[in-house]
Amino acid sequence: YPIESSLIDPGYKDNEQSLTNLTTVIGMILNSPENTVEHIVVAGFSSPDGHYSYNDRLAFERAVSIKKYLMEKTGSPDHKILVYNGSVDWRGLRYLVLRGDITEKEDIINIIDNVAVEGRPGRLTELRRLNNGTTYRVLARDYFPLLRNGAFIKVYYSNK
């Protein structure tokens, strides 16, 4: 998703291919004579830039938009699609930083692991202080966009 958006845009990045793959697989399972979809879990996430409560709500709205999209495109009934609010994806950021090539990697991980999300000074404030803001600007440019998603989708099904 683009920053501050919960609207699905097939033209954004590789959304069109991802959405096609997702709806095709779910459609195959839904239409299979051998399987029954028990439920589908969709999760929305946001990046940490900005106020926590806003990003928490935005992550939920992203999950809801995926749910509505799947209902429309696959015919999945409302009660079969469960929404999970992944909120601000600090765990995802930690994963990306560990595997990335960013300076002050240890300091970033230390902040993620040991500083409270909210409060004073708070995790985001501490990240902004690193290297006079240079590290934060790299995170915002290269890492945060990867966290704005509705990527966790799991289909639970059983054999008939």
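Using DSSP, restrict attention to beta bridges with both residues in the range 40-160 and report what percent are antiparallel, rounded to the nearest 5.
Among the beta bridges of the range 40-160, antiparallel pairing accounts for roughly 40 percent.
Under 9 Å from the Cβ of SER47, count the other residues' Cβ atoms, weight Lys and Arg +1, Asp and Glu -1, and hand me the total.
Summing Lys and Arg as +1 and Asp and Glu as -1 gives -1.
Based on the Cα gyration tensor of the range 110-149, what are the three equivalent ellipsoid semi-axes, each the root of five times an eigenvalue, rounded to whole Å and given largest first?
That gives 18, 14, 8 Å for the three semi-axes.
Against the 2.2 N^0.38 Å scaling, with N counting residues, where does the range 1-155 land? I'd like the Cα-based Rg ratio to two decimal places.
Expressed relative to 2.2 N^0.38 Å, the Cα Rg reads 1.17.
Could you state, as a whole-number percent, how many of the C-alpha pairs of the range 1-42 are farther apart than 14 Å?
Every Cα pair in the range 1-42 considered, those over 14 Å come to 60 percent.
Comparing GLU34, GLU118, GLU61, which has the greatest mean-square fluctuation in the GNM of the chain with Cα pairs linked when under 10 Å apart?
GLU34
Residues of the range 12-105: accessible area per residue at 1.4 Å, in Å²?
54 Å²
What size of dipole, in debye to the nearest 20, comes out for the range 1-106 about its Cα centre when the only charges are +1 on Lys and Arg C-beta atoms and -1 on Asp and Glu C-beta atoms?
That gives a dipole near 160 debye.
How tilted is helix 15-30 with respect to the longest principal axis of the chain? Cα atoms for both, answer in degrees (0 to 90, nearest 10).
40 degrees
Please compute one quarter of the surface area of the Cα convex hull for the range 1-71 and express it in square nanometres.
Projected over every direction and averaged, the Cα hull of the range 1-71 covers 5.2 nm².
Run lengths n ≥ 4 of DSSP H only: what is the helix-derived mean residue ellipticity at 222 nm for the chain, with -39500 (n - 2.57) per run over all residues, to the nearest 500?
Computed ellipticity for the chain at 222 nm equals -13500 deg cm²/dmol.
Residue separation times 0.36 nm, minus the C-alpha to C-alpha distance between ASP107 and THR125: what's the value?
Contour length minus Cα-Cα distance gives 5.2 nm.
Whole percent per 5 Å bin, from 0 to the bin with the longest distance: what is P(r) over all C-alpha pairs of the range 81-160?
3, 13, 23, 22, 14, 8, 6, 4, 3, 2, 1, 0
May I ask for the distance between the Cα centers of the range 132-160 and the range 9-77, given as a whole number of Å?
The two parts, judged by their Cα centres, are 13 Å apart.
How far, in nm, would the chain grow between SER18 and TYR54 when pulled straight, counting 0.36 nm per residue and subtracting the alpha carbon separation?
10.3 nm
The values are calculated or read from the model by the stated rules, or taken from the named source; none is laboratory data. None of these values were measured; they are calculated from a predicted model. Every residue, glycine among them, receives a Cβ derived from its backbone with ideal geometry; neighbour counts consider all protein chains shown. With ligands, DNA and RNA removed, areas are computed over all heavy atoms of the protein, side chains included. Shrake-Rupley method; radii C 1.70, N 1.55, O 1.52, S 1.80 Å.
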